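The values are calculated or read from the model by the stated rules, or taken from the named source; none is laboratory data. These figures come from a predicted structure and were not determined experimentally. When we count neighbours, we look across all protein chains shown, and the Cβ atoms used for this are built from the backbone with ideal geometry, even at glycine. The accessibility values were calculated without ligands, DNA or RNA, using every heavy atom of the protein model including side chains. Shrake-Rupley method; radii C 1.70, N 1.55, O 1.52, S 1.80 Å.
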Amino acid sequence: MSDPARLDTHIDLIEQLGPYWYLCRRLAAGIRLLRIASETCSRGGCSARTSAMVTACLSAASAFSQQTAEAHRHLTALSPDDLDAAIVVDDQDPDVGCRRFAFLALASWTGDDHALAGIFAQRAWDALVTGSREAAIVTATKALCELTAGNVAEGTHHAHTALALGAELGDPLAIHLAAVMLGIRALLNGDTRMGLRWNDQAFHAYLDAGGVQICDTVEQRGNHLAAAGEVNRAGRAFAVARTYALDAGMEWPRHPFTHDAIRRCRDDENTAFDQGWRAGTADARDALVMGDHERFAGM
């Protein structure tokens, strides 16, 4: 990371490590390495493409970690047109640039920069070519951004399309994202039964994608359970999510509904919530030691 020539040589590999760092709870380590790379680029000696890719990678990693101020600074350092000119033009595979914009959209969405997420999602959508293997993930990303923008009908349509494409293309991450979107829609509609069903599908698809950083999916489950009045179970879910996030050096809570949900639970049944919270914290600590993340399916 500190040698400009080697950084130029290996920048595409570094970019490919981004999803691994997030899915496998290595995001804090990834951010440390990317900050070193960013310092190397700032001293000169790296190509413009490498510098742009480091900025993009660091922005995404920071956003996924909910370090929103740093993420926004890096995400807005280069426009989509700048990224096209500096990076995409040299990609050997057109799907690579399409996927890059999709993940930048997901990062922006996770970091609550929803307007920018929509711009990146549209750029990924526009870059899709017939038969692209990235069709499922791009469609799921577009669905999430449409929901946030209030385009619920379009988002729902694209989420169901992403589910079908994800099954066809064998893309469990796309299935996960589509189920997350449909779960959020159910939460907004007050349909906790369907919300929990979509959350079950999102959790299993996430595990199928190789993910072990389950904090986001379990936190969403806590919100569904809180809305259903399942205070003890909500407390357990929120504690599991918090323990996983903090253990990986990530900010928590990560969803906009969570603060209010926790407050309502404590106002309604504080003792039951505390019992669930203590149980969830202990369960999560044990699961992290044992690597037994599957135990939280259907919690």
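Regarding Gly44, is this residue under 23 Å from the mean Cα position of the chain (by Cα), among the small types (Gly, Ala, Ser) and open to solvent by less than 40 Å² (accessible area, probe 1.4 Å)? Considered against the rule, which asks whether it is under 23 Å from the mean Cα position of the chain (by Cα), among the small types (Gly, Ala, Ser) and open to solvent by less than 40 Å² (accessible area, probe 1.4 Å), Gly44 comes out as no. Taking the criterion of being touching a Phe, Trp or Tyr at 6+ places or on another chain (Cβ under 9 Å) and under 13 Å from Ile14 (Cβ atoms), the residues of the range 57-78 that qualify are Ala60, Ala61.
Of the residues screened, Val138 is not one that is open to solvent by 50 Å² or more (accessible area, probe 1.4 Å) and either modelled with pLDDT under 95 or among the β-branched types (Val, Ile, Thr) (or both). For the range 1-50, residues that are part of a loop (DSSP other than H, G, I, E, B) and farther than 30 Å from Ala284 by Cβ total 8. Among the candidates Asp93, Asp113, the residue that is open to solvent by less than 50 Å² (accessible area, probe 1.4 Å), closer than 24 Å to Gly170 by Cα, at pLDDT below 95 and out of contact with any strand residue (DSSP E or B) (no Cβ under 6 Å at 6 or more places or on another chain) is uniquely Asp93.
Conditions tested, residue by residue: (1) open to solvent by less than 40 Å² (accessible area, probe 1.4 Å); (2) under 17 Å from Trp277 (Cα atoms); (3) acidic (Asp, Glu).
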{"site": "Leu182", "(1), (2), (3)": "yes, no, no"}
{"site": "Arg185", "(1), (2), (3)": "no, no, no"}
{"site": "Thr192", "(1), (2), (3)": "yes, no, no"}
{"site": "Gly195", "(1), (2), (3)": "yes, no, no"}
{"site": "Asp200", "(1), (2), (3)": "no, no, yes"}
{"site": "Phe203", "(1), (2), (3)": "yes, no, no"}
{"site": "Gln220", "(1), (2), (3)": "yes, yes, no"}
{"site": "Gly235", "(1), (2), (3)": "yes, yes, no"}
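Selection of the range 74-85 for residues being touching a Ser or Thr at 6+ places or on another chain (Cβ under 8 Å) and assigned to a helix (DSSP H, G or I) yields His74, Leu75. The set of residues in the range 281-299 that are crowded, with 17+ Cβ neighbours inside 10 Å and more than 20 Å from Tyr206 (Cα to Cα) contains only Thr281. Consider only pairs whose beta carbons are under 6 Å apart and that are at least six residues apart or on different chains; among these, list those whose first residue lies in the range 243-270 and is within 17 Å of Asp112 (Cα to Cα) and whose second residue is small (Gly, Ala, Ser). Sorted first by the residue in the range 243-270, then by its partner, the pairs are Met250/Ser65; Trp252/Ala245.
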